[in-house]
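Note sheet for the following structure.
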Amino acid sequence: MDLRQLRYFLTVADELSFTRAAARLRMSQPPLSQQIQELEKSLGTALFNRTSRRVELTEAGRTLAPHARNLLAQVEATRRKVRAVGQGRIGQLSIGATGSIMRGGLADILAAHRHEYPGVVTKLIEQAPELQIMALQEHRTDACFIRSPPQSEGLVHELAWREDVVVAMSSIHRLAKRKRIDIRELRAEEFIVLAPESSDFARSIMDWCVNAGFLPRIAHEVIDSQSIIGLIAAGFGVALLPASIARLTGDQIIFHTLGPSAPPADVFMVYRHDDPSPVLRTFVAFARRFTGGADGDAAAS
């Protein structure tokens with residue numbers, strides 16, 4: 001007994017005619033009859049009563065029919081599931097990101113990905129960039145999104161989306177009504193900054209200020225961007241942040257673009273070069289499509 005024979009049997013059982021069943025299966029009648037006979041031989045019992053005028057199911061045939069339908073349905077369901085797994089449409093995906101990236105552009109990508117691939121369960125892990133890279137290398141996550149591309153062997157990074165650095169300040173700040181601000185105009189301000197040891201991006205902001213001719217007067221040093229927002233809203237200084245932070249705040253905080261020398265706050269997607277996961281490959285391709293295709297090719301570290 002094989003699956004093809006069961007399909008032939010069910011077609012004859014539905015039509016109760018070898019002629020009509022053969023036409024439906026797009027085959028001649030003799031091979032169909034031979035396959036049914038082989039099925040009956042393998043089961044050790046007749047499945048049809050055949051006369052010159054009609055074809056009827058035997059009691060054994062009536063017993064087999066629902067089981068055959070269930071078996072073929074299970075086989076087809078298994079085939080669809082296996083195909084979906086191979087296409088990256090079913091599975092699990094673990095992604096690391098910082099809070100600002102997770103609640104910024106990454107949220108849009110993941111929402112759209114969930115809509116198109118509802119069979120993929122995504123787990124988000126909020127981590128500092130260094131911990132994200134470590135988790136990738138130890139195969140505890142599948143991908144991560146960070147602002148400074150890593151230089152780690154075996155990892156690939158590619159530009160996910162571009163983002164500007166903006167200056168955030170209270171809506172009652174003396175510069176709040178300005179449309180654009182030069183970084184040098186902030187030399188007398190008190191800064192709220194991310195701890196430099198928390199990310200390369202935080203260090204790059206400090207370097208940018210130094211290159212502009214001043215060392216920022218740091219009033220508060222925090223490890224989470226949301227803490228910066230709370231302090232600014234309370235009137236404690238200014239901060240240089242990725243533009244996506246603006247979507248997380250209310251009217252108490254104003255965001256201004258900076259001069260043309262402002263550094264980027266671009267976000268990079270990072271994953272293992274040799275990862276064979278279909279779910280990951282599908283997600284990477286989807287992220288590229290969603291962002292319209294990042295500039296430049298993927299780069300191996």
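Counting only strands (runs of 3 or more DSSP E) that fall entirely inside segment 200-279 and contain at least 2 residues that are under 29 Å from the mean Cα position of the chain (by Cα) and surrounded by 14 or more Cβ atoms within 10 Å (Cβ to Cβ), the qualifying elements are 239-242, 267-272. Selection of segment 72-94 for residues being loosely packed, with under 14 Cβ neighbours inside 10 Å and in a helix (DSSP H, G or I) yields Ala73, Gln74, Val75, Glu76, Ala77, Thr78, Arg79, Arg80, Lys81, Val82, Arg83, Gly86. Can you say whether Leu43 is under 13 Å from Leu10 (Cα atoms) and of a type outside the set (Asp, Glu), as far as the supplied structure shows? Taking the combined requirement at face value, the residue does not satisfy it. Restricting the first member to segment 186-203 and to residues that are farther than 13 Å from His220 by Cβ and in the same structural domain as Gly235 (by TED's automatic domain parsing), and the second to residues that are β-branched (Val, Ile, Thr) and part of a loop (DSSP other than H, G, I, E, B), the beta-carbon pairs closer than 6 Å and six or more apart or on different chains are Ser198/Ile223. When segment 30-48 is limited to residues that are more than 49 Å from the chain's Cα centre (by Cα) and either hydrophobic (A, V, I, L, M, F, W, C) or not assigned by TED's automatic domain parsing to the domain that holds Thr19 (or both), the one that is surrounded by the fewest Cβ atoms within 10 Å (Cβ to Cβ) turns out to be Ala46. Scanning segment 188-206 for residues that are β-branched (Val, Ile, Thr) and closer than 21 Å to Gln151 by Cβ yields a single hit, Ile205. Counting the residues of segment 145-163 that are aromatic (Phe, Trp, Tyr) and touching a Pro at 6+ places or on another chain (Cβ under 8 Å) gives 0. The residue pairs whose first member lies in segment 23-44 and is over 15 Å from Leu6 (Cβ atoms), whose second member is among the aliphatic types (A, V, I, L, M), and whose beta carbons are closer than 8 Å, counting only pairs six or more residues apart or on different chains, are Ser28/Ala22; Gln29/Ala22.
Matching residues to (1) of a type outside the set (Asp, Glu); (2) modelled with pLDDT under 90; (3) part of a strand (DSSP E or B); (4) closer than 21 Å to Ala212 by Cα:
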{"position": "Gln151", "(1), (2), (3), (4)": "yes, yes, no, no"}
{"position": "Glu158", "(1), (2), (3), (4)": "no, no, yes, no"}
{"position": "Ala168", "(1), (2), (3), (4)": "yes, no, yes, yes"}
{"position": "Leu175", "(1), (2), (3), (4)": "yes, no, no, yes"}
{"position": "Arg178", "(1), (2), (3), (4)": "yes, yes, no, yes"}
{"position": "Ala188", "(1), (2), (3), (4)": "yes, no, no, yes"}
{"position": "Phe191", "(1), (2), (3), (4)": "yes, no, yes, yes"}
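What residue, among those in segment 95-134 that are without any contact (Cβ under 8 Å) to a residue 40 or more places away in the chain and small (Gly, Ala, Ser), is surrounded by the fewest Cβ atoms within 10 Å (Cβ to Cβ)? So, considering only residues that are without any contact (Cβ under 8 Å) to a residue 40 or more places away in the chain and small (Gly, Ala, Ser), the one surrounded by the fewest Cβ atoms within 10 Å (Cβ to Cβ) is Ala111. Cβ separations smaller than 8 Å between residues 6+ apart or across chains give the following pairs from segment 1-14 residues that are in contact (Cβ under 8 Å) with a residue 60 or more places away in the chain to residues that are part of a helix (DSSP H, G or I) and among the basic types (Lys, Arg): Leu10/Arg69.
Scanning segment 135-160 for residues that are of a type in the set (S, T, N, Q) and either surrounded by 21 or more Cβ atoms within 10 Å (Cβ to Cβ) or over 16 Å from Asp200 (Cα atoms) (or both) gives Gln137, Thr141. Considering only segment 161-188, state which residues are surrounded by 19 or more Cβ atoms within 10 Å (Cβ to Cβ) and in contact with a Lys or Arg (Cβ under 9 Å, 6 or more places away or on another chain). Correct list: Glu163 only. Can you tell me which residue in segment 165-190 is nearest to the chain's Cα centre (by Cα), limited to those that are within 15 Å of Ala262 (Cβ to Cβ) and among the hydrophobic types (A, V, I, L, M, F, W, C)? Ranking the candidates gives Val165 first.
The values are calculated or read from the model by the stated rules, or taken from the named source; none is laboratory data. Nothing here was measured: the structure is a model prediction, and the numbers come from that model. Note: ideal-geometry Cβ built from the backbone for every residue, glycine included; neighbour counts use all protein chains shown.
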